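**Student:** The structure under discussion is supplied below as structure tokens; questions concerning it will follow.
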Amino acid sequence: MEHSLRQRFLAETLGTGLLVLVGPGSVVATLVLAGDKTPAISGADLLGISFAFGLIIAALVYALGKVSGCHINPAVTFALAATKRFPWREVPAYWSAQLIGGTLGALGIWALFSQTGVDLGLGQASFNQDTYSWGSAIFAEFIGTAMLMFAILGIVDKRSPGDFAGLVIGGVVVAIIMVLGPITAASLNPARAIGPALAATFADGTTHWNQIIPVYILPGLAGAGLAAFIYDYLANPRKVERPIADAVTHPDPGSVAAAN
């Protein structure tokens, strides 16, 4: 039985909220622990942050994948709709849920760390314009989101071992953040970028709104969409439509036994 749109809306809101609370929240926690240390985030810290993102995503895929497909990312929803794996009519509901969830997760960081969290940016994704060019930042988010989308489609294909969907998706996020984190914070997710920026705005904190659309929204949508079309081209003619919900859902043993 398919879950109602209301249930899926709540699942996407909850999932995106927890992703932002734990992922960007780990950035704030790391900065709090670093104090006046220079650099504030070391290579070991980056590894810890990337694992925080990867592990929460893995947990959410297994917990919510069977309900909403656990998109928790507007770019993923867009790519699935663009390749006819998801109905366009439900995209506004999913995007709304993801943006609400991302904002609530960032507000949760504010609640946990108070003004210190606001002063440290609430885990916002941004890039240093004095160190990296706009072109580098745009390409980083484009290629990072494309790699993530490619991995998602690969693991939810029926020919792949679906039991490992959460681990593979979480693992590729760890790998991508380790490479792209120092450049753009490896957002890979418009909701993850917008949520903390909105929360920082509410808290009168510093924001980087001028970077959101050109770096954290458009490249992510384009990268995810292109990755989905490339995957379909490579998989043709054996392409199998299989949403995340199917990949991480298994028959209820009790129901199977009763049927027998």
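The values are calculated or read from the model by the stated rules, or taken from the named source; none is laboratory data. No experiment lies behind these values; they were computed from the predicted model shown. No Cβ is skipped: glycine too gets one built from the backbone with ideal geometry, and neighbour counts run over all protein chains shown. We work out accessible area using only protein heavy atoms, side chains counted, and drop any ligands, DNA or RNA first. Shrake-Rupley method; radii C 1.70, N 1.55, O 1.52, S 1.80 Å.
**Student:** Assuming VAL76 fulfils every condition listed in (1) touching a Lys or Arg at 6+ places or on another chain (Cβ under 9 Å); (2) closer than 20 Å to GLY144 by Cβ apart from one, which condition is it?
**Tutor:** Just one mismatch for VAL76, condition (1).
Residue-by-condition table, conditions (1) out of contact with any Gly (no Cβ under 7 Å at 6 or more places or on another chain); (2) in contact (Cβ under 8 Å) with a residue 40 or more places away in the chain; (3) buried (at least 24 other Cβ atoms within 10 Å of the Cβ):
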site	(1), (2), (3)
ALA82	no, yes, no
PRO87	yes, no, no
TYR94	yes, yes, yes
LEU107	yes, yes, no
SER133	yes, no, no
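**Student:** Return the residue satisfying two criteria in turn: it lies in region 17-66 and is at negative phi and not in a helix (DSSP H, G or I), and of such residues it is modelled with the lowest pLDDT.
**Tutor:** This residue is THR38.
For every residue, the table says whether it meets (1) closer than 13 Å to ILE152 by Cβ; (2) open to solvent by 50 Å² or more (accessible area, probe 1.4 Å); (3) within 14 Å of the chain's Cα centre (by Cα).
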site	(1), (2), (3)
LEU31	no, no, no
ILE41	no, yes, no
ALA44	no, yes, no
LEU47	no, yes, no
SER50	no, no, yes
ILE56	no, no, yes
VAL67	no, no, no
PHE78	yes, yes, yes
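**Student:** Could you list, in sequence order, all residues of region 122-161 that are more than 30 Å from ASP246 (Cα to Cα) and not in a loop (DSSP other than H, G, I, E, B)? Write out each step before concluding.
**Tutor:** Step one: filter region 122-161 for residues more than 30 Å from ASP246 (Cα to Cα), giving 122-140.
The answer is TRP134, GLY135, SER136, ALA137, ILE138, PHE139, ALA140.
**Student:** What are the residue pairs meeting all of these: first residue in region 196-216, first residue more than 18 Å from GLY17 (Cα to Cα) and modelled with pLDDT of 95 or more, second residue open to solvent by 20 Å² or more (accessible area, probe 1.4 Å) and among the aliphatic types (A, V, I, L, M), Cβ atoms under 7 Å, and 6 or more apart or on different chains?
**Tutor:** ILE212/ILE194; PRO214/ILE138; VAL215/ILE138
**Student:** Here's another thing I want to ask about it. Determine, yes or no, whether ALA151 is touching a helix residue (DSSP H, G or I) at 6+ places or on another chain (Cβ under 6 Å), surrounded by 22 or more Cβ atoms within 10 Å (Cβ to Cβ) and closer than 23 Å to PRO219 by Cα.
**Tutor:** Working: touching a helix residue (DSSP H, G or I) at 6+ places or on another chain (Cβ under 6 Å): yes; surrounded by 22 or more Cβ atoms within 10 Å (Cβ to Cβ): no; closer than 23 Å to PRO219 by Cα: yes.
In short, no.
**Student:** Here is a check on your reading of the model: is PHE113 within 22 Å of VAL174 (Cα to Cα) and open to solvent by 10 Å² or more (accessible area, probe 1.4 Å)? Step through it out loud before you land on a result.
**Tutor:** Details: within 22 Å of VAL174 (Cα to Cα): no; open to solvent by 10 Å² or more (accessible area, probe 1.4 Å): yes.
So PHE113 does not fit the description; no.
**Student:** Anything in region 175-210 that is buried (at least 22 other Cβ atoms within 10 Å of the Cβ) and part of a loop (DSSP other than H, G, I, E, B)? List them, or say none.
**Tutor:** Scanning region 175-210 gives ALA185, ALA186, SER187, LEU188, ASN189.
**Student:** I'd like to verify a number: residues in region 67-83 that are over 20 Å from LEU10 (Cβ atoms) and in a loop (DSSP other than H, G, I, E, B), how many?
**Tutor:** Count: 1.
**Student:** Also, quick follow-up: Filter region 211-237 for residues that are of a type outside the set (Phe, Trp, Tyr) and open to solvent by 90 Å² or more (accessible area, probe 1.4 Å) and give the result. Don't jump to the end; show me each part of the working.
**Tutor:** Step one: list which residues in region 211-237 are of a type outside the set (Phe, Trp, Tyr), which gives 211-215, 217-228, 230, 232, 234-237.
Of everything in region 211-237, those that are of a type outside the set (Phe, Trp, Tyr) and open to solvent by 90 Å² or more (accessible area, probe 1.4 Å) turn out to be ILE213, LEU218, LEU234, ASN236, PRO237.
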